[in-house]
Each structure stands twice: as C-alpha cells, then as structure tokens.
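Notes for the one structure printed next.
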Number of protein chains: 2
Amino acid sequence: MNEAAATPFVTHLRRRREGRLSPAAVAALTGDLAACFGDKLVTSQAVRVQHGHTLTWIANAPPDAVIFAASTQDVVDVVRICAEHDAPIIPFGAGTSLEGHVNALHGGVSIDMSRMDRILAVHAEDLDCVVEAGLHRKALNEQLRDTGLFFPIDPGADASIGGMAATRASGTNAVRYGTMKDNVISLVVVTADGSIVRTASRAKKSSAGYDLTRLFVGSEGTLGIIAEVTLRLHGVPEAISAGHCPFKDVRSACDATFATIQSGLPVARIELLDALQVKACNNYSKLSLPEAPMLFLEFHGTSAGVAEQSQRFGEIAAEFGGGPFAWATRPEERTRLWQARHDVYWASMTLRPGARPFATDVCVPISRLADCVEETQRDVAQAGLVAPIVGHVGDGNFHVSPLVDMEDPADIERAEAFSSRLVRRALAMDGTCTGEHGVGQKKIHYVEEEYSAATLDLMRRVKQVFDPDNLLNPGKILRL
Amino acid sequence: MNEAAATPFVTHLRRRREGRLSPAAVAALTGDLAACFGDKLVTSQAVRVQHGHTLTWIANAPPDAVIFAASTQDVVDVVRICAEHDAPIIPFGAGTSLEGHVNALHGGVSIDMSRMDRILAVHAEDLDCVVEAGLHRKALNEQLRDTGLFFPIDPGADASIGGMAATRASGTNAVRYGTMKDNVISLVVVTADGSIVRTASRAKKSSAGYDLTRLFVGSEGTLGIIAEVTLRLHGVPEAISAGHCPFKDVRSACDATFATIQSGLPVARIELLDALQVKACNNYSKLSLPEAPMLFLEFHGTSAGVAEQSQRFGEIAAEFGGGPFAWATRPEERTRLWQARHDVYWASMTLRPGARPFATDVCVPISRLADCVEETQRDVAQAGLVAPIVGHVGDGNFHVSPLVDMEDPADIERAEAFSSRLVRRALAMDGTCTGEHGVGQKKIHYVEEEYSAATLDLMRRVKQVFDPDNLLNPGKILRL
C-alpha cells in the first residue's frame, strides 16, 4: 500500500463564491504576490480591465492583479499564494474567448501565460511537439514551417494553444483533423493544490487508466491550469485546393454538405456563409462574390487526390443545384478567401455600423442542420434582427451573430432571447449549446438544460475533488 | 441555486476491499437477486467460473452470482441490490479481455451484458449508430452491411462494444480510424448510485462541460457500467487493397513504417510480424510466407487512391531494402491474410505445444519503436523464451507473447519478469504499459510507475467520487 492510499481523503463541502475579495484581502494578496513576483505583478487599472476584457456583451469583471508567468513554477507559486488568500485564479491566454472565460467574476488573480510561449520540443518523426501553453497557434505554425509539419486546428482568432485546449476549440479544419480533443496527446497541468501533473506519455495511444488529458481539455481553467501541451502535428499536404460554390438556398448547401461527408470525400474545410454574410464579406474584404448562400471549401492531398476530390465535389454540388464551383488555384487567391472567412466577425459589423456581433455556437447532428438553419433564419426574420450566419457545416456547427448595440440593454435582451431560442432548437435536435466556444460565464444555464441532473452531478463531483475550495476560474461551466 | 447544489456533498473515506463476501452475505445477496431477477440469475459453479475466466495466466476468481441483464433497468437493479449488500459489481461483455478485467477478485455479481445486443438506431446521414453495450462488433458490422457503413475498430477478438469502450480498445485499423476514444460519441452509463447518465448529445463535437464520455471510455467498469454506446461509423471504402512485404530485419520494417506514416500516406492497417510469428502463421494458417520480418498492409480509398497509395508504399519499402511487395487483389486472399493476422494468438501456440501466450502490450513513440523491438528481441534471446512479436506499428504498439506453460510457476515467473523489463523499457522511452488491452488486475503496479504520485492521486479522486464505496470492479486499474 503506497503512501497516498494511507492518507484519509475527505473533501470539503461544495463551495460557492459570492462577491469579490475585500480591499483588505486584495492588499494582503497583492503584497504577497509582489514579494514573490516583483515586476511580473501588474495591478494597474488598464491592465486589469484588459485581462477581464472579452469579445462579448458580458460586463467586464477585472481581476485584482495580473501575474505574467514565465514558467510552470510561477504558475505553481500563484496557485500557492492564492490558496493562502482564498483568492480565485483565472488563466489568461490570448483573450480571444467569446464566452467570458477570462472574466474575473469574483476578483482574484489573472495568470497571463503570454510569456510562456516557447516550443520545448519538436519530434518530427513522431508527428508531435511540446509547447508552453501561452504560445499562439500562428507563431507555432511559423516556427514549424521548415519541418514540413503543421498544427491544423484553426479557430479563426490567433488563440493560445493553452486556451484552445482549455475550451476544446476547433474551427474550419475540424471536419478533417478533429478538434483539440483529438490533437492533444498529453498535458502538464498545475492543479489547485499546486501539484504539477503530467496526464499521459507521448505514446500515440494508451489504455493505462483514466483519460485525464481529455478531462482537462475543455475544462476552461476550472480543474487546473494548463502549463504545457503535447500536440499532434500533421504533414503539410502536398497539394491544397480551395474554392467557393453558391447555392440557391441554405438547405441545398447543407444537403450538398452532408452528401459530401457521406460520400467519404476527405474534405479539409467546408464552410457555409448565408447570403447576408457573403454581403458582409464583399463589403469588408473587397470580394465580389454572388450574394447567395455559399460554401467555401478546401481539399488537402496529393495533386491527383485533390483534383479527384474537387471534381467529385463539383458533381455533388450540381446534384443539389449548386454552382458554378469556382476554384482559387493560386495561393494568394486561396489566402484571400480564407482571410475573408476568418474576418467574418469584423465584416459583419459593416451590416450595422456601431453594433457588434453577439456570438452563438450551436451544433446539431448534420442530418438536422438544414432544418436548424432554416428555422433559425425564420426566427431572425421574425425577430427583426440583422444576423449573418456562418457554419462549420461538415460538423453540424454554425454561428448566427445578431448585430447588437452593446449600449442598449433592450437590444442585448432581444439577442439573448434569440440565443435562448436557438439553443433550445439545437437541444431539441439532440445537439449541443456550444460546439466549440465553450461554456464560460453565460451558458451555464444552457449546460443545465443540455444534461440531466445526474450527469451534472457527476461533473460537479469532478470539480469538487479537483478544486475543493473553488479557486480555479469560479463561476464558469457549472453552478455549484 | 438549484436543488443539487443545496445538498451538502461529503464523500467517504477511500475504501479498500479485502477478501470475498462471507457465505452468509452471499446467501442474502443471491436471495434478493433471485426475487428481483428470477431466471436471469445464475449461480452454478460452471457459469460463475466461466465469468471469471480470462485468457490470461491470472488465477480464476469467479463471481458469487451472474445476472444476465436484458435492459438498462436490469443493470440499475443489480447496482441497487449490490449497494444494499455492499457487494462488488463486475460488468462482463464477451470475456475476451487479456488483463483479467472480468475476474471477481472480491466476489460479487457479474453482470453479463450479452442479452443487451440490440442496435437501437442507425443514423446513416449522421454516420452514427446507437447500440446496447453487449452487442459484439462482428454482429454490428453484419447488421450494418446494407447501409454502406461500417464500424472500423477491430481488436481481433469478437469483443462486445461495451467492453471495447471500457478498455479503450483499438487494434489493426487504429492507425487510420483511431481508437474507441475517437469513435465513441456518447454513452449511457449506470453509476454506482444507480443513476442513468447520458454523457453527451449526438452532435459531432461539443465544448459543453467536462468530457465524461472520454472519462468513462477506458475506465474498465470502475466508474460506471456502460449500458449504451453511440458510435461513429465510416463509409465502406470504394476500394480496399492489402498486401505483405518482407524485410531483412525488424528495424528496416519499423523504419519503412514511420517513413510511410510521415509521408502522410493514409494507410488503414500496417502490422508487423517478426520472423517467428510468420513461421507460426505459416504453421497454423497454412500460408507459405517467407519466414522473415514482415509488414501486412491495407489501404482504403477510391480505386485510383488505393493504387497510388500502394505504389508509393512499394517505393518506400524498397528504400529500406524491403520487398517484394505482394498484393492480395482478390477479397478471399485479403481475408486469408487478415484471418491469419487475427489468429496469431492461436498460431503462436504451434511454436510450443501445450503452452499458452502471455500477453504484453507496450506502446512507444514511433521514433523509438525499432529500438524498443530490437532490445526486446535481444532480451527474448537472452532469457531463452519462445516469444513471437506482432505489432500495430503505425501506432508504436506491439505485443510480445512468450509461450508459457501455465501449470509451471517458474515459467510464469520468468514471463512476468520479462514483461516487467519490457514495460520499463517502454516507459523509459516515454511510452505506456498498455496501448490497448487495459490495466485490469496485474498491471496496476505498472500504472504506478507510468504516472507520478500527483497524477495517480487525481485518478484516485475521480474513482473516489464516482464510486465512494468501491463497488464497481474493485481491484482493477488503481490501488486505492
């Protein structure tokens, strides 16, 4: 019997948090942080607000202090000091979350991971690499360029790898390469008691015990702080072709999408834009696409394979009345197309100047996708919203983004009500309230609708034993 | 604040089990089971021994009773009755485990899932299906035949889907299609308190909360009893080609394997057999392969794609001195090849009549595979073992199977010592003690070597809160 087993194991009662730390508690906390961290500690109002800042309609809740961690040991020290002061700890990657993940609802310390941005190892033969959590995905791919390998997960924003793991991110390439769940091999995590935990070996597969890797992936900083990530890499395809294809309506585009998936075509990207979104992209990205529902596609493979795939897609599209199917053969054209896709957030703002997109993120079984999108379009029309739609339709995941005047409570309320209807529509189709953005702060009640009480109870038990004092990103994912 | 959150949540102390139930306790337990289950309860010695039976060197430990469950409600009722009697519960699928998973170390009730063998739904458009846990994988694929879809995970044995999920099984197709971790979309699980928990929606991806699906996959019946599984399906490839290719030594075969993987060739199967294993297959399966280290391969795709892939593999093999590369073009030849591969367990017995294989299952980063296999071959020679090797080498996973006289304790001890050295070799290369068989009963101390104390502590915490009374398959995966 080993030592750990001999220790009685008693967990605390569930610990909810109310309000923020008192000024005295903040002073004591920052005093200890300053002694340990020197100028890695920043408490200026501007930096604190920036670390609570989120690209959402959710009110900013700044942390009491920000630590710019430079090492896993720094993360351990923050956890240790915060535990002593009963202060919340909120990991901060690139701040590109759309669900208020980094907002410090109950104050505490934001751990900014941006200085932990090194690639620690590239194992080209094993198609993997080990990186610090603060590294951004674009920087990773730039540094991988000479290896012939790349990291495919692409949520649009230049997110940090740790943040992407924490939110189980995916994006345009997921239909072929999977999500973060499929591309994280192992993690180094700092837990609430300040332990450093490595979740798995570098073996490609294992049946040795509980899958802690996947338990931390998507846990949004509530079970531990991801410090290092071992990622699966992929060979840069020999050939890439991309193109766009208009359809007479959204249903035809969806039908063509799932015929494509079912036929086994290994499409790398298949993205839907509705006519309104195409219009916004034309405005913002200076394109001249026909303002109709549209699929953007990309194929990866050998030259022959890509040619075969694109020809077959063209045939499938034609069966559903789609076309013409225009191919961007030059890399610059391809880049322009995908840049436009990635800029939809900004492009959508041209549709209602002064307003900002209210992000939504449902995902349904792809057989229900056309129904879900069409019903949603009727809802948008009925509610009088300006709300373009984009979707990772190969996965059944789409985003409707009502343009909202963030200064107008009635406008926000209208968007929230629409978002509720959208989520319920997706749940009724056996879908999920979030395909890739995560739960964060304001989707907690949708999670409670998505899962049964018994399922939620298991999730709460996990939270309970990983973080008995509710120090780790409190107020996110679950109501305790 | 919802109701669940209002309930104080206190977990018990960690609960180890010693010995078996007393005769009086067994009598009381079986009395209650008989009243509830009638002839679904079987307590005959033969059936009990068969349910403890495992294809291993581990001593048989029969349960006190077997319930042939016909529904999820039956499973709930077993759990309820066992909890009242503090009796262990051991789920039983097909009994093909190689690590003593179904052995009833502390007695209790084996839940035989074989009557829960229905396909509940096939969603062809969504490429998924919902099945009861007791369905065997071959029966699933037979019933899917008319849909043009198939379930690719193939561990060799005709295992049950629930057992495959519980052990995170994989096998020959994993290099292309992933493991059970990648092909389970959602589970229905009966937990230790008798709740029925559905872990996820049918959406292809989700970021809504903790990944309970992946937490139950690979948990070997220690966290809950899997009752239903939603599986990802794949389109039957238009064309399949298979072949075999001899090499001058194991290193060349390994080098050709990782050159193939790195080149991005989407090989569906790439299996290593060492010369001794080839000899055994020739004996048993009446083949006439050259008795040299050998790769068996399979490619899936379009006719053109498969032809391109096979040609490229032939070129890669030649670079490493391999060949000739012989293709089985007719389906019968292909079937014969893979049947021989699947029969290696039986074939190996021809090498030492009366002896049985002692299963091992390490997995290392593929860059270390040749080193690991070569060092192991030297070890085999030095130890004077007869031990053929097969490997899912595209994943870095291989099995060495010393032929052991299971009646001879000294012979078993020699194999155990060899197995320990093999595991330590793999761990030193950042590999895992089990790539796909699972931990079961006798690999617990290897799991303790593979993970740090802090990591093991997290796993124990999970076990603790999911099963505070240690009712679920006690004595497996972790020492409490």
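For the stretch B:435-454, filtering for residues that are in contact with a Lys or Arg (Cβ under 6 Å, 6 or more places away or on another chain) and at the interface with chain A (Cβ under 7 Å from one of its Cβ atoms) leaves 1. Just one of the listed residues (B:ARG48, B:ARG20) is more than 25 Å from B:VAL131 (Cα to Cα) and touching a His at 6+ places or on another chain (Cβ under 7 Å), and it is B:ARG20.
Quick check: anything in the stretch B:342-349 open to solvent by less than 10 Å² (accessible area, probe 1.4 Å), part of a helix (DSSP H, G or I) and touching a residue at least 12 places away in the same chain (Cβ under 8 Å)? Yes; the residues of the stretch B:342-349 include at least one that is open to solvent by less than 10 Å² (accessible area, probe 1.4 Å), part of a helix (DSSP H, G or I) and touching a residue at least 12 places away in the same chain (Cβ under 8 Å).
For the stretch A:421-433, state whether one or more residues are within 10 Å of chain B (Cβ to nearest Cβ), outside any loop (DSSP other than H, G, I, E, B) and open to solvent by 10 Å² or more (accessible area, probe 1.4 Å). The answer is yes; a qualifying residue exists. So B:ALA253 ticks every box in (1) more than 9 Å from chain A (Cβ to nearest Cβ); (2) farther than 27 Å from B:GLY323 by Cβ but one. Which box is left unticked? Of everything listed in (1) more than 9 Å from chain A (Cβ to nearest Cβ); (2) farther than 27 Å from B:GLY323 by Cβ, B:ALA253 misses just condition (2). Are any residues in the stretch A:24-59 assigned to a loop (DSSP other than H, G, I, E, B), of a type outside the set (Val, Ile, Thr) and modelled with pLDDT of 95 or more, and if so, which ones? Selection gives A:SER44 alone.
In the stretch B:366-383, the residues that are touching a residue at least 24 places away in the same chain (Cβ under 8 Å) reach residues that are part of a helix (DSSP H, G or I) and open to solvent by 60 Å² or more (accessible area, probe 1.4 Å) with C-beta atoms within less than 7 angstrom, at least six apart or across chains, in these pairs: B:ILE366/A:GLU125; B:SER367/A:GLU125; B:ALA370/B:ARG251; B:GLU374/B:ARG251; B:ASP379/B:ARG421; B:ALA383/B:ARG414. Among residues of the stretch A:34-69 being within 18 Å of A:ARG20 (Cα to Cα) and more than 26 Å from the chain's Cα centre (by Cα), the one that is surrounded by the most Cβ atoms within 10 Å (Cβ to Cβ) is A:THR43. Restricting attention to the stretch B:386-410 and to residues that are within 25 Å of the chain's Cα centre (by Cα) and charged (D, E, K, R), the residue that is least open to solvent (accessible area, probe 1.4 Å) turns out to be B:ASP395.
Per this entry, B:ARG176 is counted among residues that are part of a helix (DSSP H, G or I), in contact (Cβ under 8 Å) with a residue 40 or more places away in the chain and open to solvent by 30 Å² or more (accessible area, probe 1.4 Å).
Report, by residue number, each residue of the stretch A:352-385 that is away from chain B (no Cβ under 14 Å), open to solvent by less than 10 Å² (accessible area, probe 1.4 Å) and polar (S, T, N, Q). Across the stretch A:352-385, the qualifying residue is only A:THR376.
Checking A:GLU413, A:GLU450 one by one, the residue that is over 26 Å from B:THR199 (Cβ atoms), open to solvent by 10 Å² or more (accessible area, probe 1.4 Å) and either of a type in the set (Ser, Thr, Tyr) or modelled with pLDDT of 95 or more (or both) is A:GLU413 and no other. Given the structure, is B:PHE398 modelled with pLDDT of 95 or more, within 13 Å of chain A (Cβ to nearest Cβ) and not in a loop (DSSP other than H, G, I, E, B)? For B:PHE398, the condition - modelled with pLDDT of 95 or more, within 13 Å of chain A (Cβ to nearest Cβ) and not in a loop (DSSP other than H, G, I, E, B) - is met.
Residues are listed down the side, and each one gets a yes or a no for (1) part of a strand (DSSP E or B); (2) surrounded by fewer than 24 Cβ atoms within 10 Å (Cβ to Cβ); (3) at the interface with chain A (Cβ under 7 Å from one of its Cβ atoms):
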{"site": "B:LEU187", "(1), (2), (3)": "yes, no, no"}
{"site": "B:ALA192", "(1), (2), (3)": "no, yes, no"}
{"site": "B:ALA200", "(1), (2), (3)": "no, yes, no"}
{"site": "B:LYS204", "(1), (2), (3)": "no, no, yes"}
{"site": "B:ALA208", "(1), (2), (3)": "no, no, yes"}
{"site": "B:GLY218", "(1), (2), (3)": "no, no, yes"}
{"site": "B:ILE226", "(1), (2), (3)": "yes, no, no"}
{"site": "B:VAL229", "(1), (2), (3)": "yes, no, no"}
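The values are calculated or read from the model by the stated rules, or taken from the named source; none is laboratory data. Keep in mind it's a predicted model, so treat the numbers as computed, not measured. All Cβ positions, glycine included, derive from the backbone under ideal geometry; neighbour counts span all protein chains shown. Please note that ligands, DNA and RNA were not included when accessible areas were found on the heavy atoms of the full protein model with its side chains. Shrake-Rupley method; radii C 1.70, N 1.55, O 1.52, S 1.80 Å.
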